[in-house]
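Colleague: Sharing a structure here in structure tokens format.
The values are calculated or read from the model by the stated rules, or taken from the named source; none is laboratory data. Keep in mind the model is a prediction, meaning the values are calculated, not measured. No Cβ is skipped: glycine too gets one built from the backbone with ideal geometry, and neighbour counts run over all protein chains shown.
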Amino acid sequence: MIRARYILFLIVIFLMNENLSAQKNQINPETFIKEVQKQYTNLNNFVIEFTQEIFSYAIEGKQELKGKLYYSKPNNYRVEINEHLIVCDGEVVHNYSKKARRVVITNFEKNFFSPQNLLVEVPKYSKVELTGMESLNNKNLYKFSLLPSPSNPEFKSMKLWIDETRTIWKIQTEDWAGNHYAFIIHKFSPEQDLKSDLFKFKIPSGVKVVDLR
């Protein structure tokens, strides 16, 4: 009986490997990622509910935060994470800590973690490889590994988990200091009726203002 189970296990593993090999032969990673980029580029806006995980040598253990992202072309976004609120109208960014009662104001600059950069720009300049399939939140997802081009080394490595509709459900990055960041998307809602007020920040009375513009 034990031997029969062992043989059955080997057959299952063999079939899984054969299936993965067939999928790799059918999918061109570069073409697939370009289709993902095109899909997100064509969207006017979207709303994402996510969990952010941070593994850092400076922080013991794993830090986990739940949040919501509102994005509208070209560079308007609003991020709500616990006691933090980040609002960008495409020109100015307000980073507000409710707990510290402080808001930091900066001019908008494209940065690595901005939605446009993560979803569209970074994959465009990276070497892409399909490394397998994984199940996440009851979805079977293609797993891609991205390496930065020598001319644009913003990160050490990146992994993307994407479904057949070219929708991204997880992003994991590692920086050159060895810190790991993961964004797990639980709900993706494209083309919503987003009001412009979402991307405007009114400074509450009594908070400390740090203007770095």
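Colleague: For Glu109, state whether it is acidic (Asp, Glu), exposed (fewer than 11 other Cβ atoms within 10 Å of the Cβ) and either modelled with pLDDT of 70 or more or under 25 Å from Trp169 (Cα atoms) (or both).
Modeller: It is true that Glu109 is acidic (Asp, Glu), exposed (fewer than 11 other Cβ atoms within 10 Å of the Cβ) and either modelled with pLDDT of 70 or more or under 25 Å from Trp169 (Cα atoms) (or both).
Colleague: Could you please give the count of residues in segment 31-72 that are acidic (Asp, Glu) and within 15 Å of Ile168 (Cα to Cα)?
Modeller: 2
Colleague: Give the number of residues within segment 168-183 that are more than 11 Å from the chain's Cα centre (by Cα) and closer than 17 Å to Glu129 by Cα.
Modeller: Here the count works out to 1.
Colleague: Are there any pairs, at least 6 apart or on different chains, whose C-beta atoms fall under 7 Å, with the first in segment 91-103 and closer than 12 Å to Lys200 by Cβ and the second of a type in the set (Phe, Trp, Tyr) and buried (at least 18 other Cβ atoms within 10 Å of the Cβ), and if so, which?
Modeller: His94/Phe201
Colleague: If you don't mind, there's one more thing I want to ask. Output the residue which, of all residues in segment 112-131 that are assigned to a strand (DSSP E or B) and of a type outside the set (Asp, Glu), is modelled with the lowest pLDDT.
Modeller: Ser126
Colleague: Kindly establish whether Pro190 is out of contact with any Pro (no Cβ under 7 Å at 6 or more places or on another chain), farther than 22 Å from Gly61 by Cβ and free of Cβ contacts under 8 Å to residues at least 12 places away in the same chain.
Modeller: Judged against the criteria, Pro190 is not a match.
Colleague: Among the residues of segment 54-80, count how many are in contact with a strand residue (DSSP E or B) (Cβ under 9 Å, 6 or more places away or on another chain), within 30 Å of Phe201 (Cα to Cα) and assigned to a loop (DSSP other than H, G, I, E, B).
Modeller: 2
Colleague: Let me ask something else. Return a yes/no flag: does segment 132-155 have any residue that is surrounded by 14 or more Cβ atoms within 10 Å (Cβ to Cβ) and in a loop (DSSP other than H, G, I, E, B).
Modeller: Within segment 132-155, one or more residues are surrounded by 14 or more Cβ atoms within 10 Å (Cβ to Cβ) and in a loop (DSSP other than H, G, I, E, B).
Colleague: Take segment 45-99 and flag every residue that is loosely packed, with under 14 Cβ neighbours inside 10 Å, under 20 Å from Asp193 (Cα atoms) and over 18 Å from the mean Cα position of the chain (by Cα).
Modeller: Gly90 - this is the single residue of segment 45-99 that is loosely packed, with under 14 Cβ neighbours inside 10 Å, under 20 Å from Asp193 (Cα atoms) and over 18 Å from the mean Cα position of the chain (by Cα).
Colleague: Inside segment 156-172, can you point out the residues that are part of a strand (DSSP E or B) and over 18 Å from Thr51 (Cα atoms)?
Modeller: The one that is part of a strand (DSSP E or B) and over 18 Å from Thr51 (Cα atoms): Ser157.
Colleague: Can you work out which of the residues in segment 174-187 that are assigned to a strand (DSSP E or B) and in contact (Cβ under 8 Å) with a residue 60 or more places away in the chain is surrounded by the fewest Cβ atoms within 10 Å (Cβ to Cβ)?
Modeller: Per the stated criteria, the residue is Lys187.
Colleague: Then there's this: Give just the number: which of (1) closer than 19 Å to Leu130 by Cα; (2) at pLDDT below 90 does Ser151 not satisfy?
Modeller: Single failed check for Ser151: (1).
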